[in-house]
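Below are the structure tokens for one structure; questions will follow.
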Amino acid sequence: MSFFRNSTISKQYKISELKLGYSTILPVLLILSGLILIPVVWAIFLSFTNKIVGVSPKFIGIENYKYLLSDSLFRRCVLNTLVYTIFCVFFKTILGVLVAVVLNQDFKFRNLTRALLLLPWIVPTLVTALTWRWMFDDMAGLINFLLKSCGLIDRDMAWLASPKLAMLSVMIVNIWRGTPFVAITVLASLQTFPKSLTEAAVIDGANSLQNFFYIVIPSVYRTIFAACLFTTIWTFNDFELVFLLTRGGPMNMTKLLSILSFEISFGAQKIGLGTSVFLIISPILLILIIPVVRATLNEEKSE
């Protein structure tokens, strides 16, 4: 009898714990759902209307999406955004991992170097954009001055005004700004990595490259995946940096989807069409994100 009584008490205690847990987390879930779901649902609704600022929305079905798919400027912006995102994320990840490995070593002024590494990440976007605009200036820019001093070029380069150089220029700024996030994130994971593993590998005859690719990277790849996931989302939705540098020019060569959506929504004041710009491309983001999340979750379950 005492066994069944204790079992009943234990079950009642677990049920009361669950009720307490749900009652505690329910308000937070409701608030988050309201903050996330309501804007998303409203944006989806607007994308099926011809909503213009100051005018009540009128349902028009998929006309906005049909217009965008047939618009050459939209296709140009999709290509720009994908190229910008893929190249920036690739180089930010590679450079971030390499910088993290270097900063994980013991050397003089290591802590100061780590602190200085964060400067590009914490400096306001406006300051970053204005500084790089001056550096890229074709008349009095620092980059042209240095290249001419080294004899690498014989005339000034219009970095932000040239259709061939503008995208490269804004990608350089984005990589410079975003690499510290990846580096610090991976460095935090490397700090918990047992050095005895690499020391044992060295004793067994492994060189530095083998240590890096076969021991270090497999041990922190989840962190790299997470950093890559976040930086992909941020880069795909980047607006301020590119807008302040080039405003999408020249000849729309750096115009991203975020800039196109801004121009349609607030320039032409076509809220419905502007909302459709990002909703029509959101499946691409899901395609990029879902495999990374799924792989990470599967690895956690397997442990």
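What follows is calculated from the coordinates using simple rules that are stated; it is not laboratory data. In this text the structure is predicted, and so the values were computed from the model without any measurement. Reconstructed Cβ throughout: ideal geometry from the backbone, glycine too, with neighbour counts over all protein chains shown.
If you average the sequence gap of Cα pairs under 8 Å that are 6 or more apart and divide by the length of the stretch 59-302, what percent do you get for the contact order? Numbers along the way, then the final one.
Values: 250 pairs, mean separation 70.6, N = 244.
Reported relative contact order: 29 percent.
Continuing with the same structure: Based solely on its DSSP helices, what 222 nm [θ] is calculated for the chain when runs of n ≥ 4 H residues each add -39,500 (n - 2.57) and the sum is averaged over all residues, nearest 500 deg cm²/dmol? Can you show the working numbers first?
On the way: 14 runs with 219 residues, N = 303.
Calculated mean residue ellipticity at 222 nm is -24000 deg cm²/dmol.
Just to be sure I understand the model, the point goes 7 Å from the Cα along the line to the Cβ. What's the resulting Ile52 to Ile284 distance in nm?
About 2.9 nm, to one decimal.
Something else about it: Could you give the length gained on full extension between Leu73 and Met251, defined as 0.36 nm per residue of separation minus the Cα-Cα distance, in nm?
Details: separation 178, 0.36 × 178 = 64.08 nm, distance 1.04 nm.
Length gained between Leu73 and Met251: 63.0 nm.
Follow-up. Could the peptides 227-235, 64-72 be put in order, highest first, of the mean number of other beta-carbon atoms found within 10 Å of their residues?
Details: 227-235: 19.3, 64-72: 14.4.
Ranking, from highest mean packing down: 227-235, 64-72.
Sorted by packing (mean other beta-carbon atoms within 10 Å per residue), highest first, where do 148-155, 240-247 land?
Numbers: 148-155: 9.2, 240-247: 19.4.
The densest-packed peptide leads the list: 240-247, 148-155.
Net charge near Ile60: determine it from the other residues with C-beta under 15 Å of the C-beta of Ile60, scoring Lys and Arg +1 and Asp and Glu -1. Don't jump to the answer; show the numbers that get you there.
Numbers: positive: Lys51, Lys58, Lys66, Lys270; negative: Glu63.
With Lys, Arg at +1 and Asp, Glu at -1, the net is +3.
For Thr49, what residues show an amide H to amide H distance below 5 Å, using hydrogens built from the backbone and excluding near sequence neighbours?
Those qualifying (amide H under 5 Å, at least 5 residues apart or on another chain) are Ile60.
How many angstrom lie between the C-alpha centres of the stretch 45-70 and the stretch 118-171?
With the stretch 45-70 and the stretch 118-171 each reduced to a Cα centre, they are spaced 39 Å.
What is the ratio of the Cα radius of gyration of the chain to 2.2 N^0.38 Å, where N is its residue count, to two decimals? Before the final figure, lay out the partial values.
Values: Rg = 25.4 Å, N = 303, 2.2 N^0.38 = 19.3 Å.
That ratio works out to 1.32.
Let me check I've understood the local charge: for Asn174, count other residues with C-beta under 10 angstrom from its C-beta, Lys and Arg +1, Asp and Glu -1. What total comes out?
Here the charged neighbours net out to +1.
Output ³J(HN,Hα) for the stretch 142-148: one whole-Hz value per residue in order, computed from phi by the Karplus curve 6.51 cos²θ - 1.76 cosθ + 1.60 with θ = phi - 60°, and x for Gly and Pro.
Working through the residues one at a time gives 5, 5, 4, 4, 5, 5, 6 Hz.
Could you give the length gained on full extension between Ile36 and Gln105, defined as 0.36 nm per residue of separation minus the Cα-Cα distance, in nm? Intermediate values should be presented prior to the final figure.
Numbers: separation 69, 0.36 × 69 = 24.84 nm, distance 4.19 nm.
Result for the pair: 20.6 nm of gain on full extension.
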